[in-house]
Each structure stands twice: as structure tokens, then as C-alpha cells.
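The values are calculated or read from the model by the stated rules, or taken from the named source; none is laboratory data. No experiment lies behind these values; they were computed from the predicted model shown. We place every Cβ from the backbone using ideal geometry, glycine too, and count neighbours over all the protein chains shown.
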Amino acid sequence: MRHAGLTPTRLTNIWMPFVVAARCSGNLTLAMVIPAELLQVGYAAQLRKFLTEHYQSITIVTFNKLLFDGAQQEVVLLLANTHRFSSWRYRLVELEDDRRLAAYDFRLHERNLPSSAGPGPR
């Protein structure tokens, strides 16, 4: 993470370097299921800033129900691309569960997120 300009701390979670490595390896598109911590914790602020600096469009898909049986971890689907496909740059998609994902038309529904990369809700 240091080679990408991020400074890991004791709180840095194990999934964060994988998100950074995906972009540093030259990937232009990113699709990952990651903990919802990305939106919620202060120590992920560096990663949020990194994403906004390296991707032109970012979609975060949240789910009202837990996706993985037995896992008490709320997750989001992070979709990012170095190309901008629409007037939006950041957007949030809220779905009931993963079954709604296949039928969801990402071209029709847009809800822009603020462009701030600061800490998320507490």
C-alpha cells in the first residue's frame, strides 16, 4: 500500500491492500465484494480517497439483507472504472438482496453520491 501513497495503520483491514493492488496492477475495471466498512470507518478514508483519484466512475451496491449465511459481516459490491460512462461519477445502489442484482438495470437508475472522500457516517 505504501507504493500507492497510502499509509497502513494497525487498524488497516486485510481486504484494503487487495483493492489497491487491483488498480496498481493496471486493471481499468474493478468489481469486488468487500466489507461495508469502506463506507463507515475513518481508517478507510485513505482508501476512499485513493479510489476517487484512480477511478472515474464508482458504483457502490448495498444490500438490505446479509449476503452470506452464517457470516455476520455486512458487505457491499464495489464497481469502479477508469472511464466515465455517464454524467454521474459516484453512485449508490440500494437493493433488497443479491437476487435483485441480476435483474437490476444500472443504466436506468442513478443516485449520485457527494464527491467528498472523507469519513463516512458514524
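Could you please let me know if V19 is touching a Ser or Thr at 6+ places or on another chain (Cβ under 8 Å), modelled with pLDDT of 80 or more and not in a loop (DSSP other than H, G, I, E, B)? Reasoning before the result, please.
On the way: touching a Ser or Thr at 6+ places or on another chain (Cβ under 8 Å): no; modelled with pLDDT of 80 or more: yes; not in a loop (DSSP other than H, G, I, E, B): yes.
The answer is no for V19.
Out of the residues in region 59-71 that are surrounded by 15 or more Cβ atoms within 10 Å (Cβ to Cβ) and without any contact (Cβ under 8 Å) to a residue 40 or more places away in the chain, state the one that is farthest from A36 (Cα to Cα).
Across region 59-71, the extreme among qualifying residues is L67.
Working only within region 72-89, note down all residues that are of a type in the set (A, V, I, L, M, F, W, C) and more than 15 Å from E37 (Cα to Cα).
Within region 72-89, L79, A80, F85, W88 qualify.
How many residues are assigned to a helix (DSSP H, G or I) and either buried (at least 20 other Cβ atoms within 10 Å of the Cβ) or of a type in the set (K, R) (or both) when one looks only at region 47-58?
So the first thing to find is which residues in region 47-58 are assigned to a helix (DSSP H, G or I), and the list is 47-54.
When the remaining residues are screened for being either buried (at least 20 other Cβ atoms within 10 Å of the Cβ) or of a type in the set (K, R) (or both), the result is 47-51.
Residues in region 47-58 being assigned to a helix (DSSP H, G or I) and either buried (at least 20 other Cβ atoms within 10 Å of the Cβ) or of a type in the set (K, R) (or both): 5 in total.
Restricting region 60-73 to residues that are touching a strand residue (DSSP E or B) at 6+ places or on another chain (Cβ under 7 Å) and at pLDDT below 90, which is nearest to V93 (Cα to Cα)?
L67
How about region 22-40: which of its residues are crowded, with 17+ Cβ neighbours inside 10 Å and modelled with pLDDT under 85?
Within region 22-40, A22, R23, E37, L38, L39 qualify.
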